[in-house]
Amino acid sequence: MATLLLLRHGRTTANADGGLAGRQPVELDETGRHQARAVGERLRVLPLAAVVTSPLIRCRQTLELALPGTAPTVEDGLIECGYGEWEGQPLKKLAKDPLWPVVQQHPSAVVFPGGEAMAAMAARAVAAVRSWDARITAEHGPEAVWLACSHGDVIKAIVADALGVHLDLFQRIVADPASVTAIRYTPTRPFLLRLNDTGGDLAGLVPPARKRRRRAARSTDSDAAVGGGAGAGR
């Protein structure tokens with residue numbers, strides 16, 4: 001199957017101020033713009049079969065700076081979680097809300113006041129990337145690499161699904177601004193190739209061209225061999 005690169009947008013003015021942006025049209029700050037250009041230098045060595053993005057401006061700005069000249073496709077399934085009445089609030093204030101410890105310890109049960117359930121966010125984000133991955137694999141082959149630009153909680157939810165862990169554990173996962181996370185889906189299970197990568201060489205994520213199998217029996221190779229090959233030397 002194709003290889004998915006999840007890119008979190010660069011730092012925003014809300015990140016810098018300690019606020020919860022949610023779906024508000026906050027933009028990258030100067031640090032975020034620098035992060036976007038820097039990650040672009042790493043991404044440009046990759047033959048990206050497709051680039052998709054959350055519709056929010058901070059993601060679109062990140063891609064404009066990272067991959068100038070690219071025309072990403074907007075994917076609504078990658079939009080930030082709808083935090084409802086929490087949007088625009090300082091995190092210090094939200095930390096005193098009775099819902100805060102539930103968000104941290106039992107997020108699968110959380111429905112934000114006037115907003116979205118975290119479980120619904122996770123479900124639509126995972127469905128979006130799996131649908132895109134299957135489409136890109138069918139159109140471009142299993143060696144294809146593609147990019148999706150999204151948000152911290154969205155990326156963490158996708159990673160939790162790939163790892164096969166419950167959404168209640170997703171707060172243990174970190175996705176920093178302008179970080180790259182790589183996942184390769186297979187018919188049996190996904191493999192997490194990179195997590196929160198903010199400076200490594202990404203060229204090794206391009207799968208080598210497949211060689212024709214010599215014997216039909218090779219089709220029964222174990223998943224362990226697939227997993228070892230996916231991460232070896234990368």
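The values are calculated or read from the model by the stated rules, or taken from the named source; none is laboratory data. Bear in mind the structure is a predicted one, so any value in this text is a computation, not a measurement. So basically every Cβ, Gly included, is an ideal-geometry build from the backbone, and we count neighbours across all protein chains shown. Only protein heavy atoms, including side chains, enter the accessible area calculation; ligands, DNA and RNA are left aside. Shrake-Rupley method; radii C 1.70, N 1.55, O 1.52, S 1.80 Å.
Expressed as a whole percent, the accessible area of the chain that falls on carbon and sulfur atoms is 53 (1.4 Å probe). Helix-only arithmetic for the chain: the sum of -39500 (n - 2.57) across DSSP H runs with n ≥ 4, divided by the residue total, places the mean residue ellipticity at 222 nm at -10500 deg cm²/dmol. Working from label points 7 Å from Cα in the Cα-to-Cβ sense, the residue 108 to residue 34 distance is 4.1 nm.
Can you tell me the orientation of helix 118-140 relative to the chain, as the angle in degrees between its alpha-carbon axis and the longest Cα principal axis, to the nearest 10? The answer is roughly 30 degrees.
Looking at the range 3-198 alone, DSSP beta bridges between its own residues are antiparallel in about 50 percent of cases.
Does anyone have the angle between helix 30-43 and the longest principal axis of the chain? Alpha-carbon axes, 0 to 90°, nearest 10? Approximately 10 degrees, to the nearest ten. Sorting the segments 61-67, 96-102 by their mean number of nearby beta carbons within 10 angstrom, highest to lowest, gives 61-67, 96-102.
Principal-axis analysis of the Cα atoms of the chain puts helix 152-163 at an angle of about 40° to the longest axis. Averaged over its residues, the chain has an accessible area of 48 Å² per residue, based on protein heavy atoms and a 1.4 Å probe.
With a 1.4 Å probe and all protein chains in place, put 41, 27, 143 in order of accessible area, largest first.
Working: 41 120, 27 85, 143 60 Å².
My answer, sorted largest first, is 41, 27, 143.
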